[in-house]
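Student: Structure provided below as C-alpha coordinates; questions to follow.
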Amino acid sequence: MDGALERSIPSDVQYIEGIVAEIVAHCTAVGFPPRLIARNVPVAVTEALVNAIRYGNADDSAKVVRIRARIDRHSLVVEVADEGEGFDLQLALRDPTTPERIEAEDGRGLFLMHAFTDRVEQFRDGDAGGNVVRLTVHCA
(Lines give C-alpha, C1' and ligand atoms only; values in the text may rest on other atoms or scores of the structure.)
Protein backbone atom coordinates (compact mmCIF):
# COMPACT_ATOMS: atom_id res chain seq x y z
CA MET A 1 0.00 0.00 0.00
CA ASP A 2 1.80 3.08 -1.21
CA GLY A 3 0.02 6.21 -0.22
CA ALA A 4 -0.39 9.90 0.03
CA LEU A 5 -1.97 11.88 2.77
CA GLU A 6 -3.15 15.48 2.72
CA ARG A 7 -4.68 17.15 5.74
CA SER A 8 -5.27 20.63 7.12
CA ILE A 9 -5.66 21.17 10.84
CA PRO A 10 -6.27 24.22 13.01
CA SER A 11 -3.27 25.50 14.94
CA ASP A 12 -4.10 23.45 18.01
CA VAL A 13 -1.81 20.80 19.49
CA GLN A 14 -4.78 18.50 20.20
CA TYR A 15 -4.73 17.47 16.51
CA ILE A 16 -1.10 16.32 16.47
CA GLU A 17 -1.60 12.84 17.90
CA GLY A 18 -4.18 11.90 15.26
CA ILE A 19 -2.04 13.07 12.34
CA VAL A 20 1.04 11.28 13.69
CA ALA A 21 -0.96 8.09 14.23
CA GLU A 22 -2.26 8.23 10.66
CA ILE A 23 1.24 8.66 9.21
CA VAL A 24 2.63 5.87 11.42
CA ALA A 25 -0.20 3.57 10.29
CA HIS A 26 0.70 4.19 6.64
CA CYS A 27 4.38 3.52 7.40
CA THR A 28 3.46 0.30 9.17
CA ALA A 29 1.31 -0.81 6.23
CA VAL A 30 4.17 -0.42 3.72
CA GLY A 31 6.63 -2.26 5.95
CA PHE A 32 8.81 0.40 7.57
CA PRO A 33 11.28 -1.05 10.11
CA PRO A 34 9.92 -1.11 13.69
CA ARG A 35 12.58 1.31 15.06
CA LEU A 36 11.53 3.95 12.51
CA ILE A 37 7.85 3.46 13.34
CA ALA A 38 8.37 3.47 17.11
CA ARG A 39 10.73 6.42 17.41
CA ASN A 40 12.01 8.29 14.37
CA VAL A 41 8.78 8.97 12.49
CA PRO A 42 6.57 9.96 15.45
CA VAL A 43 9.22 12.17 17.09
CA ALA A 44 10.18 14.00 13.89
CA VAL A 45 6.60 14.53 12.67
CA THR A 46 5.41 15.61 16.12
CA GLU A 47 8.20 18.18 16.39
CA ALA A 48 7.44 19.55 12.91
CA LEU A 49 3.76 19.95 13.79
CA VAL A 50 4.47 21.55 17.17
CA ASN A 51 6.85 24.05 15.57
CA ALA A 52 4.34 24.93 12.85
CA ILE A 53 1.60 25.53 15.41
CA ARG A 54 3.64 27.26 18.11
CA TYR A 55 6.19 29.25 16.14
CA GLY A 56 4.91 29.44 12.56
CA ASN A 57 1.30 30.21 13.41
CA ALA A 58 1.92 31.61 16.91
CA ASP A 59 -0.80 29.37 18.41
CA ASP A 60 -3.41 31.29 16.38
CA SER A 61 -6.33 28.85 16.00
CA ALA A 62 -7.63 30.85 13.04
CA LYS A 63 -4.54 29.77 11.09
CA VAL A 64 -4.08 26.30 9.64
CA VAL A 65 -1.26 23.82 9.30
CA ARG A 66 -1.20 21.79 6.09
CA ILE A 67 0.32 18.31 6.06
CA ARG A 68 1.27 16.36 2.95
CA ALA A 69 2.89 12.95 3.15
CA ARG A 70 4.07 10.55 0.47
CA ILE A 71 4.72 7.08 1.78
CA ASP A 72 6.05 4.01 -0.01
CA ARG A 73 8.18 1.05 0.96
CA HIS A 74 11.36 3.07 0.31
CA SER A 75 10.68 6.36 2.04
CA LEU A 76 8.43 8.81 3.81
CA VAL A 77 8.38 12.45 2.76
CA VAL A 78 6.32 14.75 4.99
CA GLU A 79 5.73 18.43 4.32
CA VAL A 80 4.35 20.56 7.14
CA ALA A 81 3.28 24.04 6.05
CA ASP A 82 2.28 26.91 8.30
CA GLU A 83 1.30 30.53 7.69
CA GLY A 84 4.46 31.97 9.22
CA GLU A 85 7.33 33.96 7.82
CA GLY A 86 9.88 31.17 8.02
CA PHE A 87 13.23 30.91 9.74
CA ASP A 88 16.92 30.33 9.11
CA LEU A 89 17.28 26.54 9.08
CA GLN A 90 21.05 26.54 9.60
CA LEU A 91 20.78 28.87 12.58
CA ALA A 92 17.90 26.83 14.00
CA LEU A 93 19.88 23.57 13.75
CA ARG A 94 22.43 24.69 16.35
CA ASP A 95 23.12 22.05 18.98
CA PRO A 96 20.78 22.81 21.92
CA THR A 97 23.02 20.90 24.34
CA THR A 98 25.93 23.34 24.21
CA PRO A 99 26.52 25.40 27.38
CA GLU A 100 25.32 28.63 25.76
CA ARG A 101 22.09 27.00 24.47
CA ILE A 102 21.18 24.57 27.27
CA GLU A 103 18.78 27.01 29.00
CA ALA A 104 17.17 28.24 25.76
CA GLU A 105 13.45 27.65 25.29
CA ASP A 106 13.78 26.88 21.59
CA GLY A 107 15.93 24.83 19.25
CA ARG A 108 15.27 21.30 20.39
CA GLY A 109 12.53 20.46 17.89
CA LEU A 110 14.57 21.04 14.75
CA PHE A 111 17.55 19.36 16.36
CA LEU A 112 15.42 16.25 16.96
CA MET A 113 13.94 16.37 13.45
CA HIS A 114 17.45 16.46 12.04
CA ALA A 115 18.59 13.62 14.33
CA PHE A 116 15.66 11.31 13.48
CA THR A 117 15.34 11.88 9.72
CA ASP A 118 17.63 11.59 6.73
CA ARG A 119 16.91 15.10 5.49
CA VAL A 120 15.31 18.31 6.77
CA GLU A 121 14.53 21.10 4.32
CA GLN A 122 12.83 24.45 4.78
CA PHE A 123 11.38 26.68 2.07
CA ARG A 124 8.62 29.15 1.30
CA ASP A 125 5.47 27.81 -0.39
CA GLY A 126 5.11 29.97 -3.47
CA ASP A 127 1.53 28.94 -4.20
CA ALA A 128 -0.12 29.05 -0.78
CA GLY A 129 2.37 31.31 0.99
CA GLY A 130 3.80 30.35 4.32
CA ASN A 131 6.70 28.27 5.50
CA VAL A 132 7.25 24.58 4.73
CA VAL A 133 9.42 22.05 6.52
CA ARG A 134 10.04 18.86 4.54
CA LEU A 135 11.22 15.71 6.34
CA THR A 136 12.56 12.68 4.51
CA VAL A 137 13.03 9.26 6.10
CA HIS A 138 14.53 6.42 4.04
CA CYS A 139 13.73 2.82 4.95
CA ALA A 140 17.09 1.34 4.05
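Student: Per residue of the stretch 47-58, what does 6.51 cos²θ - 1.76 cosθ + 1.60 with θ = phi - 60° give for ³J(HN,Hα)? Whole Hz please, x for Gly and Pro, Karplus curve as stated.
Tutor: With coefficients 6.51, -1.76 and 1.60, one gets 5, 5, 5, 4, 4, 4, 6, 6, 9, x, 9, 6 Hz.
Student: Another question, then. Considering only protein heavy atoms and a 1.4 Å probe, what is the carbon-and-sulfur percentage of the accessible area of the stretch 1-79?
Tutor: Its accessible area is 51 percent carbon and sulfur atoms.
Student: What would the Debye equation give as log₁₀ I(q)/I(0) for the stretch 45-84 at q = 0.29 Å⁻¹, counting only Cα atoms as equal point scatterers?
Tutor: One equal scatterer on each Cα of the stretch 45-84 leads to -0.91.
Student: Next up: Could you work out the Kirkwood radius for the stretch 1-81, taking every pair of different alpha carbons, averaging 1/r and inverting it, reported in Å?
Tutor: One decimal place: 12.7 Å for the Kirkwood radius.
The values are calculated or read from the model by the stated rules, or taken from the named source; none is laboratory data. Bear in mind that the values here come from a model prediction, so they are computed numbers and not experimental data. Side chains are part of the model used for accessible areas, which takes the heavy atoms of the whole protein and leaves out ligands, DNA and RNA. Shrake-Rupley method; radii C 1.70, N 1.55, O 1.52, S 1.80 Å.
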